[in-house]
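In what follows, a single structure is set out as C-alpha coordinates and then discussed.
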Amino acid sequence: MQIEHSEFQDQLVRGLAHRMNNILTLFHGYVGLLLDNKNLDRGTVDGLARIQDGAKAACHLIDRAHAIVRPSNVVWRDVQLGDFVRMLRPTFDTLRGPRTRLDIDVDDNLPPVWADASRVKSAVFEIVRNALDSTFHTGGNISIELRPESAPEDATATACARWVSVRVTDDGPGIPDEIRGRIFQPFFSTKKKAAATGLGLTVTAGIVSQHGGVLRYESQPGNTVFQLLLPCRPDQG
Ligand SMILES: Nc1ncnc2c1ncn2[C@@H]1O[C@H](COP(=O)(O)OP(=O)(O)OP(=O)(O)O)[C@@H](O)[C@H]1O
Ligand SMILES: [Mg+2]
(Lines give C-alpha, C1' and ligand atoms only; values in the text may rest on other atoms or scores of the structure.)
(Ligands and ions follow the chains in the order given, each with its own letter.)
Protein backbone atom coordinates (compact mmCIF):
# COMPACT_ATOMS: atom_id res chain seq x y z
CA MET A 1 0.00 0.00 0.00
CA GLN A 2 1.67 3.26 -1.14
CA ILE A 3 0.27 6.79 -0.88
CA GLU A 4 0.96 9.35 -3.62
CA HIS A 5 2.00 12.73 -2.23
CA SER A 6 2.08 16.05 -4.00
CA GLU A 7 3.93 18.93 -2.30
CA PHE A 8 1.07 21.27 -3.16
CA GLN A 9 -1.56 19.11 -1.45
CA ASP A 10 0.69 18.51 1.55
CA GLN A 11 1.27 22.25 1.98
CA LEU A 12 -2.44 22.89 1.67
CA VAL A 13 -3.32 20.36 4.38
CA ARG A 14 -0.50 21.55 6.67
CA GLY A 15 -1.66 25.17 6.26
CA LEU A 16 -5.32 24.34 6.80
CA ALA A 17 -4.53 22.19 9.84
CA HIS A 18 -2.46 24.97 11.39
CA ARG A 19 -5.11 27.66 10.86
CA MET A 20 -8.02 25.46 11.89
CA ASN A 21 -6.18 24.47 15.06
CA ASN A 22 -5.69 28.13 15.96
CA ILE A 23 -9.38 28.86 15.41
CA LEU A 24 -10.50 25.82 17.39
CA THR A 25 -8.14 26.61 20.27
CA LEU A 26 -9.72 30.08 20.55
CA PHE A 27 -13.17 28.54 20.34
CA HIS A 28 -12.36 26.00 23.02
CA GLY A 29 -10.80 28.65 25.28
CA TYR A 30 -13.73 31.09 25.08
CA VAL A 31 -16.35 28.40 25.66
CA GLY A 32 -14.29 27.29 28.68
CA LEU A 33 -14.36 30.86 30.04
CA LEU A 34 -18.15 31.05 29.55
CA LEU A 35 -18.54 27.71 31.36
CA ASP A 36 -16.69 29.17 34.37
CA ASN A 37 -19.74 31.39 34.98
CA LYS A 38 -21.63 29.60 37.77
CA ASN A 39 -24.90 31.51 37.10
CA LEU A 40 -25.69 29.80 33.78
CA ASP A 41 -28.83 27.70 33.53
CA ARG A 42 -28.60 23.94 32.89
CA GLY A 43 -29.62 24.18 29.19
CA THR A 44 -26.91 26.75 28.43
CA VAL A 45 -24.25 24.70 30.24
CA ASP A 46 -25.24 21.55 28.27
CA GLY A 47 -25.21 23.49 25.00
CA LEU A 48 -21.77 24.97 25.69
CA ALA A 49 -20.41 21.57 26.73
CA ARG A 50 -21.61 20.15 23.39
CA ILE A 51 -19.87 22.95 21.50
CA GLN A 52 -16.70 22.20 23.44
CA ASP A 53 -16.93 18.47 22.64
CA GLY A 54 -17.44 19.35 18.96
CA ALA A 55 -14.33 21.56 18.98
CA LYS A 56 -12.33 18.73 20.62
CA ALA A 57 -13.55 16.21 18.00
CA ALA A 58 -12.63 18.66 15.20
CA CYS A 59 -9.10 19.06 16.67
CA HIS A 60 -8.72 15.26 16.76
CA LEU A 61 -9.82 14.97 13.11
CA ILE A 62 -7.42 17.71 12.03
CA ASP A 63 -4.51 16.07 13.89
CA ARG A 64 -5.17 12.83 12.06
CA ALA A 65 -5.48 14.50 8.65
CA HIS A 66 -2.20 16.26 9.43
CA ALA A 67 -0.55 12.92 10.23
CA ILE A 68 -1.27 11.68 6.69
CA VAL A 69 0.72 14.35 4.88
CA ARG A 70 4.52 14.52 4.84
CA PRO A 71 5.61 16.62 7.79
CA SER A 72 7.81 19.65 7.23
CA ASN A 73 9.90 18.91 10.35
CA VAL A 74 10.73 15.20 10.48
CA VAL A 75 13.19 14.20 13.20
CA TRP A 76 14.97 11.03 12.05
CA ARG A 77 16.57 8.89 14.72
CA ASP A 78 17.04 5.31 15.87
CA VAL A 79 13.77 4.13 17.43
CA GLN A 80 13.42 0.96 19.50
CA LEU A 81 9.90 -0.16 18.66
CA GLY A 82 10.12 -2.99 21.22
CA ASP A 83 10.45 -0.49 24.10
CA PHE A 84 7.52 1.47 22.75
CA VAL A 85 5.21 -1.53 22.44
CA ARG A 86 6.10 -2.74 25.95
CA MET A 87 5.57 0.75 27.35
CA LEU A 88 2.13 0.93 25.73
CA ARG A 89 0.97 -2.34 27.27
CA PRO A 90 -1.09 -0.57 30.01
CA THR A 91 -2.79 1.61 27.36
CA PHE A 92 -3.57 -1.45 25.23
CA ASP A 93 -4.99 -3.10 28.35
CA THR A 94 -7.42 -0.23 28.89
CA LEU A 95 -8.64 -0.62 25.28
CA ARG A 96 -8.81 -4.43 25.47
CA GLY A 97 -12.13 -6.21 25.89
CA PRO A 98 -12.43 -8.21 29.13
CA ARG A 99 -12.16 -11.53 27.26
CA THR A 100 -9.34 -10.60 24.91
CA ARG A 101 -5.82 -11.88 25.50
CA LEU A 102 -2.89 -9.83 24.24
CA ASP A 103 0.61 -11.27 23.79
CA ILE A 104 3.67 -9.21 23.00
CA ASP A 105 6.77 -10.95 21.68
CA VAL A 106 9.86 -8.86 20.95
CA ASP A 107 12.99 -10.48 19.50
CA ASP A 108 16.00 -10.01 21.82
CA ASN A 109 18.14 -8.79 18.93
CA LEU A 110 15.67 -6.35 17.43
CA PRO A 111 17.55 -3.49 15.76
CA PRO A 112 16.19 0.08 16.00
CA VAL A 113 14.30 1.43 12.99
CA TRP A 114 15.36 4.70 11.38
CA ALA A 115 12.27 6.80 11.90
CA ASP A 116 10.39 9.78 13.19
CA ALA A 117 9.51 8.34 16.62
CA SER A 118 6.07 9.81 17.18
CA ARG A 119 4.88 9.02 13.66
CA VAL A 120 6.08 5.46 13.50
CA LYS A 121 4.58 4.83 16.94
CA SER A 122 1.21 6.14 15.73
CA ALA A 123 1.32 3.74 12.79
CA VAL A 124 1.84 0.73 15.09
CA PHE A 125 -0.74 2.03 17.56
CA GLU A 126 -3.49 2.31 14.90
CA ILE A 127 -2.96 -1.30 13.76
CA VAL A 128 -3.09 -2.62 17.32
CA ARG A 129 -6.17 -0.51 18.07
CA ASN A 130 -8.00 -2.09 15.13
CA ALA A 131 -7.12 -5.58 16.39
CA LEU A 132 -8.36 -4.61 19.88
CA ASP A 133 -11.61 -3.25 18.39
CA SER A 134 -12.16 -6.42 16.34
CA THR A 135 -12.17 -8.63 19.44
CA PHE A 136 -13.58 -6.17 21.96
CA HIS A 137 -17.10 -7.59 22.30
CA THR A 138 -16.53 -11.23 21.41
CA GLY A 139 -13.17 -11.76 23.12
CA GLY A 140 -10.24 -13.35 21.35
CA ASN A 141 -6.49 -13.45 20.96
CA ILE A 142 -4.14 -10.79 19.69
CA SER A 143 -0.42 -11.08 19.21
CA ILE A 144 2.14 -8.40 18.47
CA GLU A 145 5.42 -9.81 17.19
CA LEU A 146 8.52 -7.75 16.44
CA ARG A 147 11.31 -9.46 14.51
CA PRO A 148 14.41 -8.52 12.53
CA GLU A 149 13.85 -8.95 8.78
CA SER A 150 15.82 -8.76 5.57
CA ALA A 151 14.80 -6.22 2.92
CA PRO A 152 11.45 -7.13 1.34
CA GLU A 153 11.39 -7.53 -2.46
CA ASP A 154 8.86 -4.73 -2.93
CA ALA A 155 10.89 -2.25 -0.80
CA THR A 156 11.44 1.29 -2.03
CA ALA A 157 14.10 2.03 0.64
CA THR A 158 16.64 -0.16 -1.16
CA ALA A 159 19.69 1.28 0.64
CA CYS A 160 18.68 -0.53 3.83
CA ALA A 161 19.70 -4.14 4.35
CA ARG A 162 18.23 -4.52 7.84
CA TRP A 163 14.54 -4.19 8.51
CA VAL A 164 12.07 -4.73 11.33
CA SER A 165 8.78 -6.57 10.96
CA VAL A 166 5.82 -5.69 13.18
CA ARG A 167 3.08 -8.31 12.83
CA VAL A 168 -0.25 -7.81 14.55
CA THR A 169 -2.53 -10.85 14.43
CA ASP A 170 -6.09 -11.14 15.69
CA ASP A 171 -8.67 -13.90 15.58
CA GLY A 172 -11.64 -11.55 15.19
CA PRO A 173 -14.24 -11.71 12.38
CA GLY A 174 -11.81 -10.54 9.66
CA ILE A 175 -12.27 -8.07 6.81
CA PRO A 176 -15.09 -9.03 4.43
CA ASP A 177 -14.16 -9.26 0.71
CA GLU A 178 -16.61 -6.50 -0.26
CA ILE A 179 -14.83 -3.81 1.79
CA ARG A 180 -11.19 -4.77 1.12
CA GLY A 181 -10.77 -2.21 -1.61
CA ARG A 182 -11.89 0.57 0.71
CA ILE A 183 -10.24 0.09 4.10
CA PHE A 184 -7.35 2.48 3.31
CA GLN A 185 -9.65 5.19 1.96
CA PRO A 186 -9.95 8.29 4.15
CA PHE A 187 -13.08 8.26 6.35
CA PHE A 188 -14.05 4.67 5.54
CA SER A 189 -15.24 2.95 8.70
CA THR A 190 -17.61 0.11 9.54
CA LYS A 191 -17.53 0.98 13.25
CA LYS A 192 -20.60 2.30 15.06
CA LYS A 193 -18.72 4.20 17.79
CA ALA A 194 -18.72 7.98 17.45
CA ALA A 195 -14.97 8.23 17.99
CA ALA A 196 -14.19 6.19 14.83
CA THR A 197 -12.92 8.54 12.12
CA GLY A 198 -12.04 5.97 9.45
CA LEU A 199 -8.62 7.60 9.22
CA GLY A 200 -6.57 5.04 11.20
CA LEU A 201 -5.39 2.94 8.25
CA THR A 202 -5.02 6.00 6.00
CA VAL A 203 -2.70 7.53 8.61
CA THR A 204 -0.78 4.26 8.97
CA ALA A 205 -0.33 3.80 5.22
CA GLY A 206 0.83 7.44 4.90
CA ILE A 207 3.40 7.08 7.68
CA VAL A 208 4.73 3.75 6.45
CA SER A 209 5.14 5.18 2.97
CA GLN A 210 6.97 8.27 4.36
CA HIS A 211 9.45 5.86 5.99
CA GLY A 212 10.01 3.89 2.77
CA GLY A 213 8.39 0.91 4.49
CA VAL A 214 5.88 -1.69 3.37
CA LEU A 215 2.39 -2.35 4.75
CA ARG A 216 0.69 -5.67 4.05
CA TYR A 217 -2.33 -7.49 5.32
CA GLU A 218 -4.18 -10.71 4.88
CA SER A 219 -7.50 -11.52 6.42
CA GLN A 220 -9.99 -14.31 6.72
CA PRO A 221 -12.55 -14.95 9.46
CA GLY A 222 -10.60 -15.82 12.60
CA ASN A 223 -7.20 -14.74 11.29
CA THR A 224 -6.26 -11.18 10.34
CA VAL A 225 -2.61 -10.20 10.06
CA PHE A 226 -1.33 -6.67 9.46
CA GLN A 227 2.41 -6.44 8.89
CA LEU A 228 4.49 -3.28 8.90
CA LEU A 229 8.01 -3.61 7.50
CA LEU A 230 10.27 -0.70 8.40
CA PRO A 231 13.88 -0.06 7.38
CA CYS A 232 16.77 0.51 9.81
CA ARG A 233 19.33 3.29 9.43
CA PRO A 234 20.82 2.97 5.91
CA ASP A 235 24.48 2.78 7.03
CA GLN A 236 23.79 -0.11 9.39
CA GLY A 237 23.65 -2.54 6.45
N1 LIG B 1 -8.11 -6.09 12.41
C2 LIG B 1 -9.24 -5.79 11.76
N3 LIG B 1 -10.28 -6.67 11.75
C4 LIG B 1 -11.43 -6.40 11.10
N5 LIG B 1 -11.65 -5.26 10.38
C6 LIG B 1 -10.66 -4.35 10.34
C7 LIG B 1 -9.41 -4.57 11.02
N8 LIG B 1 -8.62 -3.50 10.77
C9 LIG B 1 -9.34 -2.66 10.00
N10 LIG B 1 -10.57 -3.15 9.74
C11 LIG B 1 -11.62 -2.54 8.91
O12 LIG B 1 -11.07 -1.42 8.25
C13 LIG B 1 -11.88 -0.25 8.51
C14 LIG B 1 -11.01 1.00 8.45
O15 LIG B 1 -10.08 0.98 9.53
P16 LIG B 1 -9.49 2.37 10.06
O17 LIG B 1 -8.51 2.05 11.14
O18 LIG B 1 -9.01 3.16 8.90
O19 LIG B 1 -10.74 3.14 10.63
P20 LIG B 1 -11.61 2.81 11.95
O21 LIG B 1 -10.84 1.86 12.81
O22 LIG B 1 -12.96 2.40 11.53
O23 LIG B 1 -11.68 4.25 12.65
P24 LIG B 1 -10.56 4.84 13.64
O25 LIG B 1 -9.23 4.31 13.19
O26 LIG B 1 -10.70 6.31 13.55
O27 LIG B 1 -10.92 4.34 15.02
C28 LIG B 1 -12.50 -0.53 9.86
O29 LIG B 1 -13.67 0.24 10.09
C30 LIG B 1 -12.79 -2.03 9.75
O31 LIG B 1 -13.97 -2.26 8.98
MG1 LIG C 1 -8.77 2.22 13.26
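The values are calculated or read from the model by the stated rules, or taken from the named source; none is laboratory data. The model shown is predicted, which means the values in this text are computed figures rather than measured ones. Cβ atoms come from the backbone with ideal geometry, glycine included; neighbour counts cover every protein chain shown. Only protein heavy atoms, including side chains, enter the accessible area calculation; ligands, DNA and RNA are left aside. Shrake-Rupley method; radii C 1.70, N 1.55, O 1.52, S 1.80 Å.
Reported value for the range 7-68: 56 Å³ per residue, from the convex hull of its C-alpha atoms.
Cross-link reach is defined here as a Cα-Cα straight distance under 12 Å, omitting same-chain residues fewer than 8 places apart; for Lys191 the aspartates and glutamates meeting it are Asp133. Accessible surface calculations at 1.4 Å, restricted to protein heavy atoms, place the chain at 55 Å² per residue. Looking at the range 76-236, the DSSP beta bridges with both ends there are about 80 percent antiparallel. For the residues Gly198, Gly181, Gly43, a GNM of the chain with alpha-carbon springs under 10 Å puts the largest fluctuation on Gly43. In this label model, His60 and His28 are separated by 1.2 nm, measuring between points 7 Å along each Cα→Cβ vector. Given in Å, the Rg to one decimal and the Dmax to the nearest whole number for the Cα atoms of the chain are 19.9, 67. For the chain, the residue among Gln210, Gln80, Gly32 whose Cα projects farthest onto the positive side of the dipole built from Cβ charges is Gly32. Under 13 Å from a point placed 7 Å out from the Cα of Asp177 along the Cα-to-Cβ direction: which residues of the range 206-220 have their backbone N that close? The answer is 220, whose backbone nitrogens lie closer than 13 Å to the label point. For a straight C-alpha distance cut-off of 25 angstrom, the lysines reachable from Lys192 (same-chain residues fewer than eight places away being disregarded) are Lys56. Of the GluC sites (Glu not before Pro) found in the range 123-208, those that fall in a DSSP loop while having at most 15 other beta-carbon atoms within 10 Å are Glu153. Among the protein heavy atoms of the chain, carbon and sulfur supply 54% of the accessible surface, probe 1.4 Å, non-protein parts ignored. In a reduced charge model with +1 at each Lys and Arg Cβ and -1 at each Asp and Glu Cβ, the range 80-231 shows a dipole moment near 560 debye about its Cα centre.
Residue order by solvent-accessible surface for Asp105, Asp133, Asp10 is Asp105, Asp133, Asp10, largest first, with ligands and nucleic acids left out and a 1.4 Å probe.
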